[in-house]
Amino acid sequence: MLFSPERIIRLQSIHSTNDYLTEKLRNKIITSEGTVVVAMEQTLGKGMDKNTWESEPGKNLTFSFLLKPDFLRADQQFMLNKAVSLGVCDFVRTYINNQIVTIKWPNDIYIQDKKIAGILISNTIEGNELSHAVVGIGININQQQFPHTVHNPVSLSIALRRELDLEELLTDLLFWLENRYEQLIKNDWTIISENYLDSLYRMNEQHLYFYNGERILASITGISDYGQLQLITSNQEKLECDFKEIKFIID
């Protein structure tokens, strides 16, 4: 069992669970794969590309965990991203069955056109192997109101119109994450990749994007082996984009 109750560390308030776990790992205070650090409040929660993750204290799930996927080569690290994203997506789908739940590349989880969860994965490479990864997840559970700076947010309680038990949901979420990680360990990569594409937000749909600062009309066609987003423009130009090169335009 990857995630067990005795490996869950609970904190009332911390600047960032990712930073906390990374520091403890660096000092060899925490070394066990599957260690989970859960915080009721994060004062400096982190998102992708130096963004912050804002969360009302005691209302949501904000946590990080340690993985040691040394069976992955450095050039295969996006497979971990796929597996973790699918685990969170699977979890949300167990509660949401009347709305579309997708993965907005590379690893945000959406209900319709609203963001419910974000993922931040910090990988450490040794040689040509993925030595370990600190995975941070923030998922909106019971929060009802959000700062105006947070774009298109939603929570499970808003979607379901009821409050939920955070402890129960953490157990459920860890189950689905472990399930996908086991697929990764067993080399079920074809299933993971197919499920990721099937779950991809705006797959094969034409929408507006900002690409290198210019507005384009394009359709997402797939993901490269290295995790780049593949699109085809309305002018039939094929693109492969890294995270900073393209921005979704969402009303």
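Computed from the coordinates by the stated procedures, all read-outs in this text should not be read as laboratory data. Quick caveat: nothing in here was measured; it's all calculated off a predicted structure. Note that each Cβ is placed from the backbone with ideal geometry, even for glycine, and that neighbours are counted across all protein chains shown.
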Of the chymotrypsin sites (Phe, Trp or Tyr not before Pro) in segment 173-251, which ones lie in a loop per DSSP and count no more than 13 other C-beta atoms within 10 Å?
Tyr226
The answer for Ile8, listing residues at least 5 apart or on another chain whose modeled amide H is closer than 5 Å to its amide H, is Val36
I want to make sure I understand the PRE zone here: with the label point 7 angstrom from the Cα of Asp172 toward its beta carbon, which residues in segment 94-128 have backbone N atoms less than 11 Å away?
94-97
Gyration tensor over alpha-carbon atoms, segment 206-248, equivalent ellipsoid semi-axes in Å
15, 12, 8
If you take the charge dipole of segment 206-248 about its Cα centre, with +1 on Lys and Arg Cβ and -1 on Asp and Glu Cβ, which of Ile232, Tyr209, Ile220 is farthest toward its positive end?
Tyr209
Could you pull out the longest piece of the chain with no exposed loop GluC sites (Glu not before Pro) in it, calling a site exposed if DSSP puts it outside H, G, I, E, B and it has at most 11 other Cβ atoms within 10 Å?
1-204
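Show me the trypsin sites (Lys or Arg not before Pro) within segment 6-43 that DSSP assigns to loop and that have at most 14 other Cβ atoms within 10 Å of their Cβ.
When the trypsin sites (Lys or Arg not before Pro) of segment 6-43 are filtered for loop state and at most 14 Cβ neighbours within 10 Å, Lys28 remain.
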HN-Hα couplings for segment 127-134 via Karplus (6.51, -1.76, 1.60; θ = phi - 60°), in whole Hz with x for Gly/Pro, come out as x, 10, 10, 7, 5, 7, 9, 9
Going Cα to Cα from Lys238, which lysines come in below 20 Å? Please leave out same-chain ones fewer than 8 positions away.
Lys104, Lys247
Kyte-Doolittle mean at least 0.0 and Cα extent at least 20 Å along the axis: which DSSP H helices of the chain qualify?
78-95, 166-185
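Enumerate by residue number the chymotrypsin sites (Phe, Trp or Tyr not before Pro) in segment 49-143 meeting two conditions: DSSP loop (anything except H, G, I, E, B), and at most 16 other Cβ atoms within 10 Å of the site's Cβ.
Those that pass, being in a loop and sparsely packed, are Phe71.
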Distance in Å, no decimals, from the C-alpha centre of segment 109-145 to the one of segment 56-93 is 6
Taking 0.36 nm per intervening residue step and subtracting the Cα-Cα distance, what contour gain separates Gln236 from Glu163 on full extension?
21.6 nm
Springs between alpha-carbon atoms under 10 Å, Gaussian network over the chain: tell me which of Ile103, Ile216, Ile139 tops the mean-square fluctuations.
Ile216
Could you list the square roots of 5 times each eigenvalue of the Cα gyration tensor of the chain, that is, the equivalent ellipsoid semi-axes, sorted largest first and rounded to whole Å?
28, 23, 17
